[in-house]
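**Student:** Once you've had a glance at the structure underneath, I'll fire off some questions.
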Amino acid sequence: MDLPVADPGTERGEGPLLQCPYCDSEAMHKLAQLLLPGLAAVCVDSTTGDLFRKPSVVAVELRKEMVDYITQRSDTFIADALIESEANQETENEMPEDPFEIVSIFMDDFSSTKRNIIGHVSGWLLSDSREDKIDDFVQEMEMTRFWPLDRREAIAEVLLKNVDLKTKFHCPEKYENEERLADHKQQCSFRPVTCPNDGCRAKVSVRCMEDHDAACPFKVLQCEQNCEKRLLRRDMDRHCVTICSMRPMKCPFGCDSSFPERDLEKHCLEFLQEHLLKVLKVIHKKGHSEELKELAQKLEKYDEHGKLAKARDARPLTNVVKDLEAKMKGEPSS
Ligand SMILES: [Zn+2]
Ligand SMILES: [Zn+2]
Ligand SMILES: [Zn+2]
Ligand SMILES: [Zn+2]
C-alpha cells in the first residue's frame, strides 16, 4: 500500500505547506449519515435489558465519548497503519482503504466497549429486535434534531481527511503561500458549489455535480411516460400514477385492452358497440345476443346527440341507454 507523507504539514524549503481544505461532498455526506445509526447502536446496546435507562438518556454522554474516540483513532490512523504494514510485511493482511469501512470499524470497536451483559449474549447482536430498536432510535433522533446533519458533517470532514489514505475523497494539493492556494481553490475539483437546480440548496463538490444532478430531487425532467409535462424529479412517481395523461388504464367497461388514459375517449368511440352490448346484457338479462346486437346498432343510430359515446363508465352508459330506450318506445318505429 503506498502511503502518503505521514505529516500533512511537511516542510519543503522555507515554510510549512498550506493544504487545500476541500473534500468530496458526497463522501462527507455519506460518512455523516453513518454516524447517527452508529450512535444509535451504542446507545441501544448499552441500555438493553436495563429498565431504568433508555437510549435517549445516555445519548448525550455517549455521543461525546464516541466522537472523541473515533476522532482520536482517525488521528493516529496513518501512524497505526504504518506500524501495521511493517509488522505484516510478508502477509497480505491489508488494512481497509475505504473510509466508510474504516470509520465503521472505529464505531464498532467503541460500541463493543459499551455493551452491557445482554449486549454480550450471543444472538442479540444479530437479532431483528436489536435492528428495530436501532432504527426506532435513529428516527427519534432525527425527529428531535438531536444531532443535526451539518454538525455531523463537520465531524465527518475531519474523519474523512484523516483516514482517506489514498486521497480519493479529499484534495491532496499543498502550496507554499496563500496566493497560490487561493488560485488553486478557484479551480479545485473538490470545491463546493451550490446545485443550480431551482429550490435545491445542496452544496456539492464540482466533481460530484454530475452524480448529484442525476439524482437531484429538484431537477426538472420530461415526464417518464412521455406526456407533454415537465416536472421535478421528486414529483415524478406521484404524477405518473395520478394525473399523467399517459398513465396506463384498463377499459372501465371491462374490455381486455388497456391504453393510455388520454386515449379513453378514442377507445369509447371505437368500441361503442362492444360497450353497449355489455350494458344491454345486464339490462335485458334474458335477451338473445343477436337481438341485443341489433338493439345496440339501433340505439347508436337513434342517439343523434352522440350521448352514448360520451359515457365514460358503465353506470352513465346504462342511464343513457335506458333513457334512449324509453324515448324509442314512446315514438312510433320508423
Ligand atoms: Zn483542492
Ligand atoms: Zn440539487
Ligand atoms: Zn406524464
Ligand atoms: Zn372497452
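The values are calculated or read from the model by the stated rules, or taken from the named source; none is laboratory data. This one's a predicted model, so the numbers in the text were calculated from it and none came from an experiment. Cβ atoms come from the backbone with ideal geometry, glycine included; neighbour counts cover every protein chain shown.
**Student:** Do we find that Asp75 is acidic (Asp, Glu), farther than 22 Å from Lys166 by Cα and modelled with pLDDT of 85 or more in this structure?
**Tutor:** Here the answer is no, as Asp75 does not meet what is asked.
**Student:** Counting only residues that are free of Cβ contacts under 8 Å to residues at least 12 places away in the same chain and either in a strand (DSSP E or B) or in contact with a helix residue (DSSP H, G or I) (Cβ under 8 Å, 6 or more places away or on another chain) (or both), how many does segment 221-239 have?
**Tutor:** 3
**Student:** Take His275 and tell me if it is away from ligand 1 (no atom under 16 Å from the Cβ) and in contact (Cβ under 8 Å) with a residue 12 or more places away in the chain.
**Tutor:** yes
**Student:** Now for a separate question. Looking at (1) of a type outside the set (Gly, Ala, Ser); (2) surrounded by 14 or more Cβ atoms within 10 Å (Cβ to Cβ); (3) away from ligand 3 (no atom under 16 Å from the Cβ); (4) farther than 30 Å from Cys195 by Cβ, find the lone condition where Gln297 falls short.
**Tutor:** Looking at each condition in turn, Gln297 falls short on (2).
**Student:** Starting from segment 240-267, take each residue that is acidic (Asp, Glu) and list its partners that are within 16 Å of ligand 4 (Cβ to nearest atom), counting only C-beta distances under 9 angstrom and pairs at least six apart or across chains.
**Tutor:** That search, which allows pairs on different chains as well, returns Asp256/Lys250; Glu261/Pro248; Glu261/Met249; Asp263/Met249; Glu265/Ala309; Glu265/Lys310; Glu265/Arg312.
**Student:** Next question, about the same structure. Could you tell me which of the residues Cys216, Cys244, Cys208 is within 16 Å of ligand 1 (Cβ to nearest atom) and within 24 Å of the chain's Cα centre (by Cα)? Break it down into steps so the answer makes sense when it comes.
**Tutor:** Working: Cys216 fails: within 16 Å of ligand 1 (Cβ to nearest atom); Cys244 fails: within 16 Å of ligand 1 (Cβ to nearest atom).
Answer to the check: Cys208.
**Student:** For residues that are outside any helix (DSSP H, G or I), touching a helix residue (DSSP H, G or I) at 6+ places or on another chain (Cβ under 8 Å) and acidic (Asp, Glu), tally how many sit in segment 261-319. Break it down into steps so the answer makes sense when it comes.
**Tutor:** At the first step, the residues of segment 261-319 found to be outside any helix (DSSP H, G or I) are 271, 284-288, 303-306, 311-313.
From the residues that got through so far, the ones that are touching a helix residue (DSSP H, G or I) at 6+ places or on another chain (Cβ under 8 Å) too are 284, 287, 303, 311-312.
Next, from what is left, pick out any that are acidic (Asp, Glu): 303.
Count: 1.
**Student:** Which helices (runs of 4 or more DSSP H) does segment 118-212 wholly contain that include 3 or more residues that are away from ligand 2 (no atom under 16 Å from the Cβ), over 30 Å from Pro16 (Cα atoms) and charged (D, E, K, R)?
**Tutor:** Fully inside segment 118-212 and qualifying: 128-143.
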